[in-house]
Amino acid sequence: ALPFLVLISNEEEAAAALAAGARGLIPADWHVTLDKEFLERLRRQNVALMPSLGPAEAYAALNRGDVAVLDRSLVQQSAPRWLIDQTRAALAARQGGKEDKVPAAPAAILRAARAAGVPLVVSSSAGRALLFHGAALHRELQLWVQAGMTPAETLVAATAGGARLLGRDRRVGLIQQGLDANLLLVNGNPLEDIRATEQVAAVYFHGERIDRGDLLVEK
C-alpha cells in the first residue's frame, strides 16, 4: 500500500488519521496543539509529524505588507517574475495595522515532538502566500534551527526523514553507494550555518549535473 499523509486541524482529526493508517501528519495551521500523550502515541506507532513553521511567518508578513521575502536571492532566482510583481503590488496595496506577531504554536509543537522522540520531517507548505517553491524549503530549515533544532537534525529531517516516510529510503535521502546520486552542492557548511543551503553551487540528478540556467528560463 502507498503511504499517505493527512492534514489535521485538531487532535480528533489526528486520531482518525492514525486509525486509518496514516504514515505522517501535517498540522493544517498554527493553532493545532498535540498533548504529550498523543505525541507518545505517534512515537510508538512510528508516525511522522511535519510541523511547518513557514506559514505562520508568512501570515505575519502579509499582515505587515512586508515585501522582504520577495527580495531573497532564491525567490528572485526561481519564482516567475510575473508572480513576484503581482505579489509585490498586492502587498503594497494592503493597509497594514493588523496583528503581525508570529504565532508560537508551530515551534512549540516541533520542540515537544522532538523531546518525545517523534519522527520529524520537514515540510515547507510551498504554494501558499509568500511561500515560493524551493525558496520556502530553505527558509523552513532556518526556522527549525531558530526553534531549537540542530542543523544536523534539521538536514536529516529534510532528506533521509522524508525518504523514509515515503518508503523511498532504499533509493534516495542519503549519500550512499547504490542509491540515486541526487545531490545539492552548496558553498559553506550548513552544519555550522544552516543558511549555507541557500548558497547553491551545483545540482545533480541521477548523477547528471543539471544546468540551473535552463531550469530558470521562463517559457
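Tell me, which residue of region 1-36 that is in a helix (DSSP H, G or I) and touching a strand residue (DSSP E or B) at 6+ places or on another chain (Cβ under 6 Å) is surrounded by the fewest Cβ atoms within 10 Å (Cβ to Cβ)?
Among those residues, the one meeting the criterion is Ala17.
Within the bounds of region 42-64, is there any residue that is farther than 19 Å from Arg128 by Cβ and either of a type in the set (Gly, Ala, Ser) or in contact with a Ser or Thr (Cβ under 7 Å, 6 or more places away or on another chain) (or both)?
Checked against the condition, which is being farther than 19 Å from Arg128 by Cβ and either of a type in the set (Gly, Ala, Ser) or in contact with a Ser or Thr (Cβ under 7 Å, 6 or more places away or on another chain) (or both), region 42-64 yields at least one hit.
Filter region 37-55 down to residues that are surrounded by 13 or more Cβ atoms within 10 Å (Cβ to Cβ) and part of a loop (DSSP other than H, G, I, E, B), then give me how many there are.
5
Rundown of residues vs (1) in contact (Cβ under 8 Å) with a residue 40 or more places away in the chain; (2) surrounded by 14 or more Cβ atoms within 10 Å (Cβ to Cβ); (3) acidic (Asp, Glu); (4) within 25 Å of Arg72 (Cα to Cα), yes/no style:
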site: Pro119; (1), (2), (3), (4): yes, yes, no, no
site: Ser125; (1), (2), (3), (4): yes, yes, no, yes
site: Leu130; (1), (2), (3), (4): yes, yes, no, yes
site: Trp144; (1), (2), (3), (4): yes, yes, no, yes
site: Asn187; (1), (2), (3), (4): no, no, no, yes
site: Arg195; (1), (2), (3), (4): yes, yes, no, yes
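Is it the case, given these coordinates, that Val75 is at pLDDT below 95, outside any loop (DSSP other than H, G, I, E, B), in contact with a helix residue (DSSP H, G or I) (Cβ under 7 Å, 6 or more places away or on another chain) and of a type in the set (A, V, I, L, M, F, W, C)?
For Val75, the condition - at pLDDT below 95, outside any loop (DSSP other than H, G, I, E, B), in contact with a helix residue (DSSP H, G or I) (Cβ under 7 Å, 6 or more places away or on another chain) and of a type in the set (A, V, I, L, M, F, W, C) - is met.
For every residue, the table says whether it meets (1) part of a loop (DSSP other than H, G, I, E, B); (2) modelled with pLDDT of 90 or more.
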| position | (1), (2) |
| --- | --- |
| Leu83 | no, yes |
| Gln86 | no, yes |
| Val102 | yes, no |
| Arg114 | no, yes |
| Val118 | yes, yes |
| Trp144 | no, yes |
| Val156 | no, yes |
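Does region 146-180 hold any residues that are under 26 Å from Ala105 (Cβ atoms), among the small types (Gly, Ala, Ser), surrounded by 15 or more Cβ atoms within 10 Å (Cβ to Cβ) and in contact with a helix residue (DSSP H, G or I) (Cβ under 8 Å, 6 or more places away or on another chain), and which are they?
Scanning region 146-180 gives Ala147, Ala157, Ala158.
Within region 8-46, which residues are out of contact with any Leu (no Cβ under 6 Å at 6 or more places or on another chain) and within 21 Å of Ala58 (Cβ to Cβ)?
Passing the criteria: Ser9, Pro27, Asp29, Trp30, His31, Val32, Thr33.
Since Tyr59 meets every condition but one in (1) open to solvent by 70 Å² or more (accessible area, probe 1.4 Å); (2) of a type outside the set (A, V, I, L, M); (3) at pLDDT 90 or above, which condition does it not meet?
Looking at each condition in turn, Tyr59 falls short on (3).
Inspect all residues belonging to region 195-210 and state whether any of them is over 25 Å from Ala58 (Cα atoms), outside any helix (DSSP H, G or I) and in contact with a helix residue (DSSP H, G or I) (Cβ under 7 Å, 6 or more places away or on another chain).
yes
The values are calculated or read from the model by the stated rules, or taken from the named source; none is laboratory data. What you see is a predicted model, and the numbers here were worked out from it, not measured in a lab. With ideal geometry, Cβ positions are generated from the backbone for all residues, glycine too; neighbour counts draw on all protein chains shown. Each accessible area value is taken on the protein alone, full model and side chains, heavy atoms only, with ligands, DNA and RNA left out. Shrake-Rupley method; radii C 1.70, N 1.55, O 1.52, S 1.80 Å.
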